[in-house]
2 protein chains.
Amino acid sequence: MARYFLEVSYDGSSFGGFQIQANQQTIQGEIEKALETIFRAPLALSGASRTDAGVHGLQNFFHFDTDLAIEAKHIYNMNALLPKTIVVKNIYSVPDEAHARFDAIKRAYIYKIHTQKNPFLEGRSWYYPFPVNMELMQTAAQSLLTYTHFETFSKKNTQVNTFECHITKAFWEMTEDGYTFHIESNRFLRGMIRGLVGTLLQVGRGQISLEKWHEIVLSNNEQLADFSTPAHGLYLSLIEYPSFLKKIV
Amino acid sequence: MARYFLEVSYDGSSFGGFQIQANQQTIQGEIEKALETIFRAPLALSGASRTDAGVHGLQNFFHFDTDLAIEAKHIYNMNALLPKTIVVKNIYSVPDEAHARFDAIKRAYIYKIHTQKNPFLEGRSWYYPFPVNMELMQTAAQSLLTYTHFETFSKKNTQVNTFECHITKAFWEMTEDGYTFHIESNRFLRGMIRGLVGTLLQVGRGQISLEKWHEIVLSNNEQLADFSTPAHGLYLSLIEYPSFLKKIV
């Protein structure tokens, strides 16, 4: 058996999430269906990052094992079979023990906000017309690099045994349509980015002072974080692995 | 009675077209509904350009007459009532005899094509993965400025009494995702841009020589044009009026 990584991109709007589950159209479910059609045998996929329903993926990965000959033309075949909103970008040959989820050394997300109603950003960005103090939001975002324990920003129905994350980037960028939050870490907790964005916006609107912001981060109390930020502004943008990915050509 | 122009933008994907009609959700229908809710009286709209079902509008206009006081806050009220995919951008005070359709002196459209499957361009651009000769397509596009009679590119179930158009721009632009056709004219005929784009792509794919292209333009035979180009790549991008628009503030 040989192991392969599948690099995908998807518009999460029309899917009930990433991971396969009964009675829901999911990214994983659609890709397994396409693989089964092409190879006439079921192939089990193991995903790198389980994005929630409605969250988009600019880059996400699966691994799978097979004895079948995987070739570049299968990228074309899969894209012809998959819904228009899921794209296979590459297939990589990897060492037998490589794991899409556990071997990821870095993940990055962006959260897009637009401040003027825009018909073409609907479902791709959050329409948030309220004035914010960007300087305060930037200061609060930067402080995330000084913390390592993020229990406050983790939804509690989760099975993790540690709330430690090493955030290496966290900043707001002004864009043509509004502003975008960028964050990069070795790992993320369930609901973490939406909780961070929601709470940072409260800082930006003056509902939370910077002093209170630090208290909330240190509180380990998820009741103090704002998780109401909608899924459709969030994009998993990058997953980084050690240099073991070898593109199938 | 005073006359006003309403400047709008919309994602045409989810609408049965621009102009009001029975049993279809249309741009005009939704805006008339919002106006009636705000002013508690029906207000009849007259549209500038009747885009087909699925065609997007970056800029389009309506005019309407009323004795009611129209203020800038009504832009906000309308956007709160309208579907997320329709936006009122501005309201203008205009002379009583100004006409949204007949006073337009220039219209511009773009047609977007992407060459790699992309989940985020779905419904916003046409996925057209076939190789084309851009130089030939550019030459054919430029030749449009030398013609004035466009019967070949007009669908025949139309009530116009002239096929004369004065095209002032027609070119292809390379983009990050593929290429975009730009066209600007004093007026357009029914189906004209989709017919032009479809036929230009046949030139680009070598299915029609440049010589044959000129023959087709001169033939006045719409059977020779390719109208199969889908609506969702097309955007009405600009309508220009004499300088009589006065922004409501």
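Looking at B:Ala98, is it over 26 Å from B:Arg190 (Cα atoms) and in contact with a strand residue (DSSP E or B) (Cβ under 9 Å, 6 or more places away or on another chain)?
For B:Ala98, the condition - over 26 Å from B:Arg190 (Cα atoms) and in contact with a strand residue (DSSP E or B) (Cβ under 9 Å, 6 or more places away or on another chain) - is not met.
When the stretch A:107-138 is examined, which residues are found to be within 19 Å of A:Lys212 (Cβ to Cβ), away from every other protein chain (no Cβ under 14 Å) and touching a residue at least 60 places away in the same chain (Cβ under 8 Å)?
Once the filter is applied, which keeps residues that are within 19 Å of A:Lys212 (Cβ to Cβ), away from every other protein chain (no Cβ under 14 Å) and touching a residue at least 60 places away in the same chain (Cβ under 8 Å), the stretch A:107-138 yields A:Val132, A:Asn133, A:Met134, A:Leu136, A:Met137.
Please state which one of B:Ala100, B:Ala141 is buried (at least 17 other Cβ atoms within 10 Å of the Cβ), aliphatic (A, V, I, L, M) and either in a strand (DSSP E or B) or in contact (Cβ under 8 Å) with a residue 60 or more places away in the chain (or both).
Numbers: B:Ala141 fails: either in a strand (DSSP E or B) or in contact (Cβ under 8 Å) with a residue 60 or more places away in the chain (or both).
One residue alone meets the criteria, B:Ala100.
Would you check if there is a residue in the stretch B:31-40 being under 18 Å from the mean Cα position of the chain (by Cα) and either over 24 Å from B:Lys247 (Cα atoms) or not hydroxyl-bearing (Ser, Thr, Tyr) (or both)? Before the answer, list the steps.
Here is the first cut: in the stretch B:31-40, the ones under 18 Å from the mean Cα position of the chain (by Cα) are B:31.
Pick out the ones that are also either over 24 Å from B:Lys247 (Cα atoms) or not hydroxyl-bearing (Ser, Thr, Tyr) (or both) and you get B:31.
Among the residues of the stretch B:31-40, at least one is under 18 Å from the mean Cα position of the chain (by Cα) and either over 24 Å from B:Lys247 (Cα atoms) or not hydroxyl-bearing (Ser, Thr, Tyr) (or both), which makes the answer yes.
This table checks each residue for (1) under 22 Å from A:Ile110 (Cβ atoms); (2) touching a strand residue (DSSP E or B) at 6+ places or on another chain (Cβ under 8 Å); (3) crowded, with 21+ Cβ neighbours inside 10 Å.
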residue	(1), (2), (3)
A:Val8	yes, yes, yes
A:Gly17	yes, no, no
A:Ala22	no, no, no
A:Gln25	no, no, no
A:Ile31	no, yes, yes
A:Phe39	no, yes, no
A:Arg50	yes, no, no
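Kindly indicate whether any position in the stretch A:176-187 is among the acidic types (Asp, Glu), more than 18 Å from A:Arg124 (Cα to Cα) and part of a strand (DSSP E or B). Steps first, please.
Keep residues of the stretch A:176-187 that are among the acidic types (Asp, Glu), which gives A:176-177, A:184.
Among the residues that remain, those that are also more than 18 Å from A:Arg124 (Cα to Cα) are: A:184.
So of that shortlist, the ones also part of a strand (DSSP E or B) come out as A:184.
Yes: one or more hits.
Quick one: which of A:His63, A:His56 is away from chain B (no Cβ under 14 Å) and buried (at least 20 other Cβ atoms within 10 Å of the Cβ)?
Details: A:His56 fails: away from chain B (no Cβ under 14 Å).
The conditions single out A:His63.
Going through the stretch A:66-106 one residue at a time, which ones are β-branched (Val, Ile, Thr), more than 14 Å from every other protein chain (Cβ to nearest Cβ) and more than 20 Å from the chain's Cα centre (by Cα)?
The initial filter retains those residues of the stretch A:66-106 that are β-branched (Val, Ile, Thr), namely A:66, A:70, A:75, A:85-88, A:91, A:94, A:105.
After this cut, where a residue has to be more than 14 Å from every other protein chain (Cβ to nearest Cβ) as well, the list is A:66, A:70, A:91, A:94, A:105.
Across the stretch A:66-106, the qualifying residues are A:Thr66, A:Ile70, A:Val94.
Can you pull out every residue in the stretch B:1-24 that is touching a helix residue (DSSP H, G or I) at 6+ places or on another chain (Cβ under 9 Å) and within 14 Å of chain A (Cβ to nearest Cβ)?
B:Val8, B:Tyr10, B:Gly12, B:Ser13, B:Phe15, B:Phe18
Please pick out the residue among A:Val88, A:Val55 that is out of contact with any Pro (no Cβ under 7 Å at 6 or more places or on another chain) and under 24 Å from A:Asn157 (Cβ atoms). Spell out how you get there, then give the answer.
Working: A:Val88 fails: under 24 Å from A:Asn157 (Cβ atoms).
From the options A:Val88, A:Val55, the qualifying one is A:Val55.
Readers should treat all values here as calculations from the given coordinates under stated rules, not as data from a laboratory. As the structure is a computational prediction, the values presented were derived from the model and not from experiment. Neighbour counts run over all protein chains shown; Cβ positions are idealised from the backbone, glycine included.
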